[in-house]
Amino acid sequence: MLGNDDWWRDAVVYQVYPRSFADANGDGMGDLEGVRGRLDYLAGLGVDAIWLSPFYTSPMADGGYDVADYRDVDPMFGTLADFDALVADAHAKGIRVIVDLVPNHSSDQHPWFKSGLRERYIFRDKPNDWESIFGGPAWTQVEDGQWYLHLFAPEQPDLNWDNPDVRAEFRDVLRFWLDRGVDGFRVDVAHGMIKAEGLPDVGPKDGPQAEMLGDEQVPYFDQDGVHDIYREWRPILDSYPGGRMAVAEAWVSSPERLARYVGPDELHQAFNFDFMMADFHAKSFRTVIEKALKEAELVGAPTTWVLSNHDKPRHVTRHGGLARARAATLLMLALPGSAYLYNGEELGLPEVLDLPDELRQDPAFLRRGESRDGCRVPIPWSADPGCGWRDPWLPIPAEWTGLSAEAQEDDPDSTLNLYRAALRIRKRHPALGGASSGTLTWLESAKDVLVIERDPGLVVVLNTGEEPVRLDWTGQVLLSSGPLETDGSVPPDTAIWFQR
């Protein structure tokens, strides 16, 4: 038994993008057996849980986020027996398993859509002015002249959550996976299932509708009725032992609105995307950290921290290099709450920017020219030319042999071993182990330097400026994202954990 029903409050969760993680059968596609074979690696890294991106039956029009069967494994990834074996082995190693849930839309190959059960989707006689997140109109016409809504790709029709059959189906889907032992759910597009009554037009706007969540609500996101769904789900989660949880992917306009997704009668957590989108600067980080802590205070539950995921460019590239990425990681892992890592970030992988257009598979690239494929390139495991893959579904850069897990294993200064050390300290240090309950105090610092203290006595220094920062304290440096100056000063683009 894993114990500790509140494990999610300060957990380190590792996101696995199954297609790109590890390939057990040599077909160039990652699979569940590949994940199972790397559990020792994940246990050695020190993570508390893995989050599996979709592995369900799917035509893969959107990387598996177009689900044709919510209760089965796509043959690309294996079988339900493989899933069960993965969960059992993960639990035996002290690793919990979170799965993706995709309730806003299904695949157009789902039996409901194929058999014409239109009342379970959103059809109308004429389209309104809503736009797809992937670009272009959010409506596609069928043969009889009606139009169906798809806020994402046309192959992803939106489900009609006003229909009681849809609600009943997903309650059963939750129970199906909970009965198989999953420890939680990451809820995709958690802010999107309910649409405004009458489907009103958005009206005139500057730029894409998808960018309008700043000061105003679009009529298809963050509607009040979505919270009724989560109030139906929470008793199901609570009826299972062991602390089953759910975390929302919710893009909303304010801390107050995000806080509404979290609570004892709804979901347990909601992702803090502002931290992921922050600039590499002390002021930017402080602003988003203070905002996130305000959200956490509103609901009395810890926040989440994310630097990379399957939808955004990897933070090595986004922040301008490996040194900054390592520094941002030490900041993130010292904050109160839980941290979500994306597979490969512990290897310091950059975004792959030069994939051939003909190999890109992201529907966003096909509709608006923006591709998420660069953060989904398969993980390099070995230092051989194929990095441990045979004909991977996306090409692995030749220079990644030096970033492979094998190449970094015995290098004490590698990014892999930095992550291992940070997670080991996080579990053991009284200021970080149980990070959700510790205090966070801002200490006086120079303009481009961020300094926080976690009680008892752990100081985190992040230097985003151009000059070294000299420490005025006595104590011990527990961990540094890079080499310090000879006088002990913290160089630019460096973070340290300091015990005083």
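If you place +1 on the Cβ of every Lys and Arg, -1 on the Cβ of every Asp and Glu, and leave all else neutral, what size is the dipole of the stretch 429-489 about its Cα centre, to the nearest 20 Debye? Intermediate values should be presented prior to the final figure.
Values: 3 positive and 9 negative charges, 52 e Å.
Using only the charged Cβ atoms, the result is roughly 240 debye.
Whose amide H sits under 5 Å from the amide H of Y342, counting only residues 5 or more places off or on another chain, with H placed in the peptide plane?
Q15, S308
What's the tally of Lys pairs in the chain whose alpha-carbon atoms lie under 20 angstrom apart, where the two lysines are 8 or more places apart or on different chains?
Final tally of qualifying lysine pairs is 7.
Might you report the magnitude of the Cβ-based charge dipole of the stretch 379-450 about its Cα centre, with Lys and Arg at +1 and Asp and Glu at -1, to the nearest 20 debye? Can you show the working numbers first?
Details: 7 positive and 10 negative charges, 114 e Å.
In total the dipole reaches around 540 debye.
Find the eigenvalues of the gyration tensor of the Cα atoms of the chain, then list the square roots of 5 times those eigenvalues as equivalent ellipsoid semi-axes, largest first, in whole angstrom. Walk me through the numbers before you get to the answer.
On the way: eigenvalues 270, 132, 105 Å².
Largest first, the chain gives 37, 26, 23 Å.
Taking the 0 to 90 degree range and rounding to the nearest ten, how far is the long axis of helix 322-333 tilted relative to the main principal axis of the chain, both from C-alpha atoms?
With both axes taken from Cα atoms, the answer is about 80 degrees.
Using a probe of 1.4 angstrom, how much of the accessible area of the chain is carbon and sulfur, in percent?
Working: 9180 of 19170 Å².
Carbon and sulfur: 48 percent of the exposed surface of the chain.
Less than 11 Å Cβ to Cβ from S382, Lys/Arg counted +1 and Asp/Glu -1: what total charge do the surrounding residues give?
Values: positive: none; negative: D384, E406, E409.
Surrounding charge for S382 is -3.
What is the Cα coordinate range of the stretch 52-206 on the first, second and third principal axes, sorted by size from largest, in whole angstrom?
54, 34, 28
Using DSSP to call loops (not H, G, I, E or B), can you name the trypsin sites (Lys or Arg not before Pro) in the stretch 173-281 whose Cβ has at most 15 other Cβ atoms within 10 angstrom?
Working: sites: R175, R180, R186, K195, K205, R231, R244, R257, R260; in loops: R180, K195, K205, R244, R260.
Counting only loop positions with at most 15 other Cβ atoms within 10 Å, the trypsin sites (Lys or Arg not before Pro) in the stretch 173-281 are R180, K205.
Counting other Cβ atoms within 10 Å of each Cβ, which GluC sites (Glu not before Pro) in the stretch 139-242 have at most 13 and sit in a DSSP loop?
Numbers: sites: E143, E155, E169, E197, E211, E216, E232; in loops: E143, E155, E197, E216.
Sparse-neighbourhood loop GluC sites (Glu not before Pro): E143, E197, E216.
Divide, for the stretch 400-464, the radius of gyration over alpha carbons by 2.2 N^0.38 Å, where N is the residue count. Don't skip to the answer; put the middle values down first.
Details: Rg = 15.3 Å, N = 65, 2.2 N^0.38 = 10.7 Å.
Rounded to two decimals, the normalised Rg is 1.42.
Starting from the Cα-Cα distance between L353 and L443, subtract it from 0.36 nm times their residue separation and give me the gain in nm to one decimal. The partial results should precede the final answer.
Details: separation 90, 0.36 × 90 = 32.40 nm, distance 3.86 nm.
This chain segment gains 28.5 nm when fully extended.
Which Rg and Dmax, in Å, describe the Cα atoms of the stretch 159-249?
15.6, 49
Quickly rank 108-119, 80-91 as a protection proxy: mean count of other C-beta atoms within 10 Å, highest first.
On the way: 108-119: 15.6, 80-91: 17.2.
Most protected by this proxy first, the peptides run 80-91, 108-119.
Could you work out the helix-only [θ] at 222 nm for the chain, with each DSSP H run of four or more residues adding -39,500 (n - 2.57) and the total divided by the number of residues, to the nearest 500 deg cm²/dmol? Let's see the in-between values first.
Values: 15 runs with 131 residues, N = 500.
Calculated mean residue ellipticity at 222 nm is -7500 deg cm²/dmol.
Charges at C-beta only: +1 for Lys and Arg, -1 for Asp and Glu. How large is the resulting dipole of the chain about its Cα centre, in Debye rounded to 20?
1120 debye
Compute the acute angle (0 to 90°) between the alpha-carbon long axis of helix 80-92 and the principal axis of greatest extent of the alpha-carbon atoms of the chain; round to the nearest 10°.
30 degrees
Which residue, Q476, V187, I396, has the largest displacement toward the positive end of the dipole of the chain when charges sit on each Cβ (Lys, Arg +1; Asp, Glu -1)?
Towards the positive end, the residue furthest out is Q476.
Taking the Cα atoms only, what angle lies between the long axis of helix 226-238 and the longest principal axis of the chain, rounded to 10 degrees?
70 degrees
Scattering from the C-alpha atoms of the stretch 49-133 alone, worked out with Debye: what is log10 I(q)/I(0) at q = 0.20, 0.22, 0.25 1/Å?
Results for the stretch 49-133 at q = 0.20, 0.22, 0.25 Å⁻¹ read -0.97, -1.09, -1.25.
What percent antiparallel are the DSSP beta bridges of the chain, to the nearest 5?
Working: 29 of 55 bridges.
That works out to approximately 55 percent antiparallel.
So which GluC sites (Glu not before Pro) in the stretch 345-420 pass both tests, a DSSP loop state and at most 11 other Cβ atoms within 10 Å of the Cβ? Numbers along the way, then the final one.
Details: sites: E345, E346, E351, E358, E370, E399, E406, E409; in loops: E351, E370, E409.
Sparse-neighbourhood loop GluC sites (Glu not before Pro): E370.
The values are calculated or read from the model by the stated rules, or taken from the named source; none is laboratory data. Note that this is a predicted model, so its numbers are computed, not measured. With ideal geometry, Cβ positions are generated from the backbone for all residues, glycine too; neighbour counts draw on all protein chains shown. For the accessible areas, the whole protein counts, side chains as well, though only heavy atoms, and no ligand, DNA or RNA atoms are used. Shrake-Rupley method; radii C 1.70, N 1.55, O 1.52, S 1.80 Å.
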